[in-house]
Each structure stands twice: as C-alpha cells, then as structure tokens.
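The values are calculated or read from the model by the stated rules, or taken from the named source; none is laboratory data. Everything numeric in this text was worked out from a predicted model, so none of it was measured. Please note: Cβ atoms are built from the backbone with ideal geometry, for glycine as well, and neighbour counts cover all protein chains shown. Only protein heavy atoms, including side chains, enter the accessible area calculation; ligands, DNA and RNA are left aside. Shrake-Rupley method; radii C 1.70, N 1.55, O 1.52, S 1.80 Å.
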Amino acid sequence: MDILPQISVIDFGSQYTQLIVRRLRESGYFAKLYHPDSLKENPSPKGVILSGGPSSVSDSGAPDIDLDYLRGLEVPVLGICYGMQLLNKKHGGMVEPGTTREYGPAELRPEGNSVLFEKMSGSSQIWMSHSDTCTQLPDGAKVIGRNEEGLPVAVQLSELIFGIQFHPEVTHSHEGKTVIENFLSLVDDPPRFNMDSFKELLIKQVREEVGERQVICGVSGGVDSTVLAVLLNAAGVKLRAIYVDNGLMRKGETVEVREQFEKLGMELEVVDAGSRFLHAIAGIDEPEEKRRRIGNMFVDVFFDAAENVELLAQGTLYPDVIESATSGSIASTIKTHHNRVQRILELQEEGRVIEPLAELFKDEVRALGESFGIARDILYRHPFPGPGLAVRVPGEVTEEKLEIVREGDAIFMRHLKESGWYDKVWQAYCGLLPIKTVGVKGDERSYEWAVSLRAVISEDAMTADWVELPAELLRRISNEILNSVKGINRVFYDISTKPPASIELE
Ligand code: XMP
C-alpha cells in the first residue's frame with residue numbers, strides 16, 4: 001500500500017496549521033506538514049494546501065513557494081489566508097496591508113456555484129485572522145465568495161488553484177469541514193487514512209529512522225510513553241523500555257504498569273529508586289526546590305540505568321511541538337519542561353533523539369494504543385504530573401503522608417470509576433493539606449491531617465473549573481476515606497477554579 005502523504009500542507013507558521021492536518025486526516029487523507037523550502041520532499045502529492053501565517057507577503061524574507069513547480073504538479077491547490085495572498089501575488093495580483101487587522105467572525109457568501117462551496121448554505125460564518133488583503137486579483141481570476149461587505153474572500157486563480165481568506169480548519173468557520181471536503185473531492189486519489197494504515201506508516205518510519213541502533217525509551221505508565229514503547233516494539237527495533245519507580249507513584253501503579261507490559265509480551269526494566277528520591281527531597285519544603293531535585297534525580301537514575309544511549313525515544317506529541325516556518329524544521333522546539341533537561345538537549349543536538357509520535361494528537365495516540373491492544377485504563381488515564389505525588393503533598397514529603405494520599409486517592413478513583421464520573425472529569429486526585437486539625441475518635445480528641453479532593457474539567461490545563469460532583473457521591477467517598485485511611489480526620493472538596501488556583505497543590 002502506498003502510504004506517502006496524499007496532501008502536502010505547506011507551513012507558513014499559522015497557529016492553526018496543525019489543525020489543517022488533523023481535518024485532512026479526519027476526512028480520510030494522509031497529510032503532512034512541509035516547510036515552504038521542502039515542498040519537493042513529497043515528490044507526488046495529490047493535493048497541496050498552503051497554510052496561513054503571520055508574515056506579510058511584501059516583507060523582505062517572507063516565506064515563498066516555487067509557483068512553477070506547484071503548477072507543474074497539476075494537482076488541486078488551496079491557499080488559506082497568507083497562502084491565498086501569496087498565490088494571488090505570484091499570479092500577478094496585488095496584496096496590501098489592510099487598515100485594520102481583521103480577526104474573528106465574518107460571513108461567507110458563495111458566488112458562481114464554485115465546487116469549493118458545494119452543499120453549503122447561502123451564507124455561513126467564517127473565521128478570519130489576517131491583516132493583509134488582496135486588493136487586486138490577477139487577470140483570469142474568478143471571485144467565488146464574498147464577505148458581507150461584498151469584498152472578495154475566496155478566489156479561483158486557475159482551474160486547480162483556489163484561495164480563501166478565511167480559516168476552514170477552525171470550528172468557528174461553521175461549514176469549514178465541508179469546504180475542506182469539497183477541496184478533497186477534486187483530489188484524484190481515494191481517502192486512505194485510517195488508524196491501521198497510519199500505524200503501518202509509523203512503524204515503517206520508525207524502522208527507517210532507527211535502523212540497527214538501540215533505542216532507550218522511558219516509560220511513565222501514562223498514555224504517551226506506553227504507546228510509544230509499544231510502537232517501537234511493534235517496529236521490531238532493538239529496544240530497552242525503562243520505568244523509574246520514584247516512590248511518588250499512586251497505589252498499585254508500578255504493579256499495573258508491569259502487568260500491562262507482561263500482557264503485551266514486552267520486557268520492561270523497572271528501576272526501584274523510591275528511597276533515592278525520598279532521600280533527595282527529605283526535609284525540603286520549598287516547592288520549586290522539590291521539583292528541581294526530583295527532576296535531577298530522574299535524569300541521574302534514568303541515565304544510570306540506560307548507560308550508553310545510542311538513541312532516546314521521547315513521547316512528544318504534536319501539540320508539544322511548536323511549528324516555525326523559519327526554523328527549517330517542524331520538530332523544532334519542545335514546550336514541555338520535562339523534555340528540556342540539559343542531557344536531553346545534548347542528545348538532541350547530536351541527532352540522537354527520536355519522537356515518533358510528534359505528528360499525533362492525543363486522541364490519535366489513544367486510537368493507536370487501542371489498535372495495539374493497550375488497556376483502556378491506561379489509554380484514558382487522567383494526566384499525572386512528572387514529580388508525582390510530591391506536588392500533591394505540599395511541604396515536606398514523608399512516607400506517612402504519601403501513604404495517606406495513596407489510600408485516599410485509590411478510594412476516590414474507585415468511586416469515580418464506579419459512578420461513571422472518571423471519564424467525565426479531566427483530572428482528579430486526592431492531595432494532603434499541610435495542616436493538622438482537631439477531631440474526635442471514639443471518646444478521644446484526635447489531631448490529624450486533612451485531605452483535599454479535587455476534580456476538574458479543562459481543555460489544555462491552562463484553565464480549569466471544578467466539577468460539581470453529586471453531594472451523595474462526595475458523602476460516600478468522604479465516609480470511606482475517613483473510616484479507612486489512617487492518620488486523617490477531615491476531608492475537603494476543592495472548589496477553586498484555575499486561575500487563580502492551579503490544578504495541583506504545588
Ligand atoms: P497546574 O498545577 O500547574 O497543573 O495547574 C497543570 C497540569 O500540569 C500537570 N503538572 C505537571 N506535569 N511536571 C509535569 O509533568 C510538573 O512539574 C507538573 N506540575 C503540574 C498537572 O498534573 C496538570 O495536569
């Protein structure tokens with residue numbers, strides 16, 4: 001089966017570029033992002049989309065494309081926003097800075113029954129984000145859509161070349177999906193993207209990239225690293241999957257991860273480093289210092305276990321990758337702080353880091369994991385912070401406090417799962433409040449710790465809202481925690497939004 005990308009998406013740096021790829025996959029097409037200078041890397045695309053971007057076509061050094069080459073491909077081309085302006089200019093039209101930046105909703109009124117707007121309403125909301133405008137169209141260009149002010153927002157520049165000023169890839173363009181599907185109907189190739197074919201492509205890419213080298217992969221027990229390890233294993237490369245038990249994991253977590261790997265027929269090296277981590281943070285109550293020590297210890301323990309690293313595989317996902325049209329490489333800058341440690345940066349510079357999931361969104365990683373037979377429990381697990389329970393035990397971390405949090409959390413999660421709430425909340429946990437309060441146990445007064453339950457919904461962890469769990473469910477959870485977890489006499493439910501609170505306690 002041919003698994004070359006069917007559609008080349010040329011990345012001019014728009015914040016929405018990843019979404020174009022995603023929409024194309026949703027419509028059943030293989031798509032890949034290319035730097036404008038790397039257009040030829042995919043020798044025979046069946047269609048090309050030029051993304052939007054922050055530049056102005058008249059800037060010196062603005063990203064450009066080889067129009068003759070593009071025309072010579074004889075495939076449908078769609079320019080979005082900057083892509084449209086560039087095509088317009090290169091065809092002989094004029095692009096000028098607008099008087100104001102147009103950002104937000106506008107209206108599309110299709111004109112002349114263009115194939116691009118088939119099966120669409122007479123007028124629909126579109127989403128704009130641009131400052132330049134095409135003030136003059138080239139000879140032979142046809143206006144196929146205008147906005148509510150009658151200004152052209154969609155043009156056909158030649159039989160196969162189209163330009164639209166709006167962003168069909170965002171859901172705020174209400175019929176954007178239809179626009180993309182109409183464009184794809186011009187593509188002389190049937191849809192071929194599905195998880196099985198994608199899996200094959202990824203496996204092939206991993207094999208080619210790794211060759212005979214040995215790959216080391218850190219497994220945390222979370223979705224991304226588990227799917228990554230399973231993908232590498234499926235590619236048949238020489239693999240060492242290493243799991244560092246930092247002593248800050250939840251109840252039964254290490255056993256679960258070990259069992260999951262056994263079930264998948266994979267070897268997992270478990271490094272039991274709990275006491276080293278706890279020793280490193282003993283007596284430390286400053287949150288950032290705790291984090292720093294845990295992070296450093298992880299690097300030490302992991303690289304000690306790994307010994308000589310020929311290749312390191314990281315579970316970086318698409319949203320972690322910041323595209324940059326000027327960097328020359330898509331996988332340019334990694335956002336997540338835990339990926340950024342010096343040791344890994346050095347390996348990266350030496351070309352010894354691979355990121356096979358860097359083209360995937362989270363839900364695609366889950367779908368891939370499902371196709372490999374990974375348990376749902378792992379694939380749909382809530383996010384868990386790198387420093388583990390340490391950020392849920394403010395102040396000094398002790399084994400006694402960790403035990404309380406582990407037990408409380410296990411009860412909370414069991415109830416959430418049984419009641420169907422686990423999948424409805426984005427993240428939930430039981431943390432320990434660094435206070436002791438008075439209570440009564442039997443005839444005696446007790447002076448014990450308090451736990452805090454937190455359940456939030458969020459889209460990207462930047463903001464979060466607390467979840468209104470049913471009072472009766474909270475009552476059952478609280479009763480069970482108070483009756484069976486030793487060392488506490490009080491349960492709080494956290495009703496703080498982020499901001500100003502954060503999701504974790506530290
Ligand atoms: P906060 O507490 O900042 O958390 O609102 C936002 C999201 O990030 C996770 N988190 C971390 N993840 N290392 C990580 O890998 C960390 O140090 C860390 N701190 C918070 C947190 O669980 C939530 O999903």
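A compact table of results
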read-out: Selection status of THR497, touching a residue at least 40 places away in the same chain (Cβ under 8 Å) and either within 14 Å of the ligand (Cβ to nearest atom) or more than 19 Å from ARG406 (Cβ to Cβ) (or both); value: no
read-out: Filtered residue count, the stretch 67-109, keeping only those that are of a type in the set (Val, Ile, Thr) and either touching an Asp or Glu at 6+ places or on another chain (Cβ under 7 Å) or over 19 Å from THR17 (Cα atoms) (or both); value: 4
read-out: Complete set of residues in the stretch 401-414 that are crowded, with 19+ Cβ neighbours inside 10 Å and acidic (Asp, Glu); value: GLU407, ASP409
read-out: Selection count, the stretch 318-343, where residues are surrounded by fewer than 20 Cβ atoms within 10 Å (Cβ to Cβ) and at pLDDT 50 or above; value: 6
read-out: Any hit, the stretch 415-434, residues being open to solvent by 20 Å² or more (accessible area, probe 1.4 Å), in a strand (DSSP E or B) and either β-branched (Val, Ile, Thr) or without any contact (Cβ under 8 Å) to a residue 40 or more places away in the chain (or both); value: no
read-out: Any hit, the stretch 450-471, residues being more than 35 Å from the chain's Cα centre (by Cα) and either away from the ligand (no atom under 16 Å from the Cβ) or surrounded by fewer than 16 Cβ atoms within 10 Å (Cβ to Cβ) (or both); value: no
read-out: Count - residues of the stretch 298-317 that are within 29 Å of VAL397 (Cα to Cα) and open to solvent by 30 Å² or more (accessible area, probe 1.4 Å); value: 3
read-out: Residue within the stretch 117-128 that is in contact (Cβ under 8 Å) with a residue 40 or more places away in the chain, under 30 Å from GLU41 (Cβ atoms) and either touching a helix residue (DSSP H, G or I) at 6+ places or on another chain (Cβ under 7 Å) or outside any strand (DSSP E or B) (or both) present; value: no
read-out: The stretch 18-30: number of residues that are among the hydrophobic types (A, V, I, L, M, F, W, C) and either farther than 19 Å from THR171 by Cα or part of a loop (DSSP other than H, G, I, E, B) (or both); value: 1
read-out: Pair list, Cβ < 6 Å and 6+ apart or interchain, from the stretch 193-218 residues that are open to solvent by 20 Å² or more (accessible area, probe 1.4 Å) to residues that are of a type in the set (Gly, Ala, Ser); value: PHE193/GLY28; MET195/ALA367; MET195/SER371; LYS199/SER371; ILE203/ALA234; ILE203/ALA235; ARG207/ALA235
read-out: Contacts under 7 angstrom Cβ, first residue in the stretch 43-58 being assigned by TED's automatic domain parsing to the domain that holds VAL77, partner charged (D, E, K, R), 6 or more apart; value: LYS46/ASP188; LYS46/ASP189; SER51/ASP11; SER56/ASP132; VAL57/LYS89; VAL57/ASP132
read-out: Boolean, HIS167 is farther than 15 Å from GLN6 by Cβ and either open to solvent by 30 Å² or more (accessible area, probe 1.4 Å) or of a type in the set (Val, Ile, Thr) (or both); value: no
read-out: Residue count, the stretch 219-246 (criterion: crowded, with 22+ Cβ neighbours inside 10 Å and in contact with a Ser or Thr (Cβ under 7 Å, 6 or more places away or on another chain)); value: 1
read-out: Checking ARG445 against (1) assigned to a strand (DSSP E or B); (2) within 16 Å of the ligand (Cβ to nearest atom); (3) charged (D, E, K, R); (4) open to solvent by 80 Å² or more (accessible area, probe 1.4 Å), the condition it does not meet; value: (2)
read-out: Residue match in the stretch 385-404 (condition: within 16 Å of the ligand (Cβ to nearest atom), basic (Lys, Arg) and assigned to a helix (DSSP H, G or I)); value: yes
read-out: Whichever residue in the stretch 474-494 is in a strand (DSSP E or B) and open to solvent by less than 60 Å² (accessible area, probe 1.4 Å) and, among such residues, is nearest to TRP421 (Cα to Cα); value: TYR493
read-out: Qualifying residue in the stretch 82-94 (condition: over 23 Å from ASP139 (Cβ atoms) and in the same structural domain as LYS142 (by TED's automatic domain parsing)); value: no
read-out: Any hit, the stretch 469-483, residues being in contact (Cβ under 8 Å) with a residue 24 or more places away in the chain and under 22 Å from PRO499 (Cβ atoms); value: yes
read-out: Single match in GLY252, GLY274 (criterion: open to solvent by 30 Å² or more (accessible area, probe 1.4 Å) and either at positive phi or more than 16 Å from the ligand (Cβ to nearest atom) (or both)); value: GLY252
read-out: Selection count where residues are basic (Lys, Arg) and farther than 14 Å from THR178 by Cβ, scope the stretch 111-150; value: 2
read-out: Selected residue (only one of ASP11, ASP66 is among the acidic types (Asp, Glu), in the same structural domain as LEU86 (by TED's automatic domain parsing) and surrounded by 21 or more Cβ atoms within 10 Å (Cβ to Cβ)); value: ASP11
